[in-house]
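The values are calculated or read from the model by the stated rules, or taken from the named source; none is laboratory data. The structure presented is a predicted model; accordingly, all values stated were derived computationally and were not measured. Neighbour counts run over all protein chains shown; Cβ positions are idealised from the backbone, glycine included.
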Amino acid sequence: MHAEPTAVLKILSDPTRRAIFERLSRDGEMTVHALTDPSGVSQPAISKHLGALKLAGLVRGRRDGRETYYSAEPKALAPLIDWIGFYSTFWNSRFDRLETLLKRMDQ
Amino acid sequence: MMQANDTKTLIVEREMPHSLDKVWRALTQSPLIEEWLMDNDFQPVVGHRFDLRADWGVVECQVLAIEPNQALSYTWEAMGLKSVVTWTLTPTSAGTQLRMEQSGFRPDQQQAYAGAKYGWEKFFTGLERVAGGLA
């Protein structure tokens with residue numbers, strides 16, 4: 001059920017997806033229409049983001065008649081809240097930056 | 001990796017095609033540390049206390065040991081985590097093998113990280129930067 005930390009990080013690195021996830025976490029279950037109204041983002045775009053969030057296990061959809069109600073799955077954040085996972089990603093990205101710096105120091 | 005006292009250790013290791021001396025400078029000179037790690041007031045002096053400052057918070061550190069061109073370790077305290085970061089440099093035919101070991105993770109520290117003291121916004125800002133490095 002849990003997504004990989006890297007996958008969750010990548011999904012949430014997009015500000016619109018993050019806003020959707022935060023809104024669902026805060027305000028509870030919502031339809032795509034309710035999510036679209038105040039966002040200034042088109043409905044197809046919101047739907048696409050919801051699809052990505054669902055794939056990462058961060059959002060769940062419940063079908064009721066013609067509407068789908070989306071809700072946040074904060075449990076999917078577990079891999080991120082794990083220290084080791086966070087720092088593993090953190091240090092690997094810092095190693096990349098260190099290598100970039102070392103290359104520059106040659107010049 | 002689990003140890004007897006139930007703390008965990010994270011190891012990140014990479015061989016870099018650069019001299020020991022150069023890698024050492026990047027690890028121990030404050031303006032260079034800022035370029036790849038974080039804004040800081042590091043000084044290569046045992047016992048020196050310094051802060052690493054990122055968007056997601058401040059890491060409080062103290063230098064524990066320095067062996068020029070070989071090893072550097074400092075405490076790393078941030079968001080409820082008390083740990084020790086140790087850098088080890090080993091010469092190789094191609095350059096330098098750089099190893100980072102962060103020890104002191106305990107299972108209960110996950111709670112500290114998730115705590116209300118650090119809001120979602122900071123948490124995600126930090127993640128965004130980390131994720132930017134993954135792209």
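For the range A:57-72, a residue qualifies if it is not basic (Lys, Arg) and not in a loop (DSSP other than H, G, I, E, B), and the qualifying residues are A:59, A:61, A:64, A:67, A:68, A:69, A:70, A:71, A:72. None of B:33, B:11 is surrounded by fewer than 16 Cβ atoms within 10 Å (Cβ to Cβ) and aliphatic (A, V, I, L, M) except B:11.
Within the range B:88-100, the set of residues being more than 8 Å from the chain's Cα centre (by Cα), more than 14 Å from residue A:102 (Cβ to Cβ) and not β-branched (Val, Ile, Thr) comprises B:91, B:93, B:99.
Please verify whether residue B:116 is over 15 Å from the mean Cα position of the chain (by Cα) and at pLDDT below 95, treating the condition exactly as stated. It is true that residue B:116 is over 15 Å from the mean Cα position of the chain (by Cα) and at pLDDT below 95.
Determine whether the range A:62-81 contains at least one residue that is within 25 Å of residue B:39 (Cα to Cα), touching a helix residue (DSSP H, G or I) at 6+ places or on another chain (Cβ under 6 Å), at pLDDT below 80 and buried (at least 18 other Cβ atoms within 10 Å of the Cβ). Looking through the range A:62-81, at least one residue is within 25 Å of residue B:39 (Cα to Cα), touching a helix residue (DSSP H, G or I) at 6+ places or on another chain (Cβ under 6 Å), at pLDDT below 80 and buried (at least 18 other Cβ atoms within 10 Å of the Cβ). Would a scan of the range A:87-95 turn up a residue that is within 14 Å of chain B (Cβ to nearest Cβ), outside any loop (DSSP other than H, G, I, E, B) and β-branched (Val, Ile, Thr)? So far as the range A:87-95 goes, yes, one or more of its residues are within 14 Å of chain B (Cβ to nearest Cβ), outside any loop (DSSP other than H, G, I, E, B) and β-branched (Val, Ile, Thr).
Only one of the listed residues (A:51, A:61) is among the small types (Gly, Ala, Ser) and in contact with a strand residue (DSSP E or B) (Cβ under 7 Å, 6 or more places away or on another chain). That residue is A:61. Residues that are surrounded by fewer than 17 Cβ atoms within 10 Å (Cβ to Cβ) and modelled with pLDDT of 85 or more within the range A:35-51 comprise A:41, A:42, A:43, A:44, A:45, A:47, A:48, A:51, listed in sequence order. Of A:103, A:54, all but one fail to be more than 14 Å from every other protein chain (Cβ to nearest Cβ), assigned to a helix (DSSP H, G or I) and basic (Lys, Arg); the exception is A:54.
Is it fair to say residue A:16 is among the hydroxyl-bearing types (Ser, Thr, Tyr), over 29 Å from residue A:90 (Cβ atoms) and at pLDDT below 95? Answer is no for this residue.
Considering every residue within the range B:11-34, establish whether at least one is more than 18 Å from residue A:90 (Cβ to Cβ), without any contact (Cβ under 8 Å) to a residue 40 or more places away in the chain and more than 14 Å from chain A (Cβ to nearest Cβ). There is no residue in the range B:11-34 that is more than 18 Å from residue A:90 (Cβ to Cβ), without any contact (Cβ under 8 Å) to a residue 40 or more places away in the chain and more than 14 Å from chain A (Cβ to nearest Cβ).
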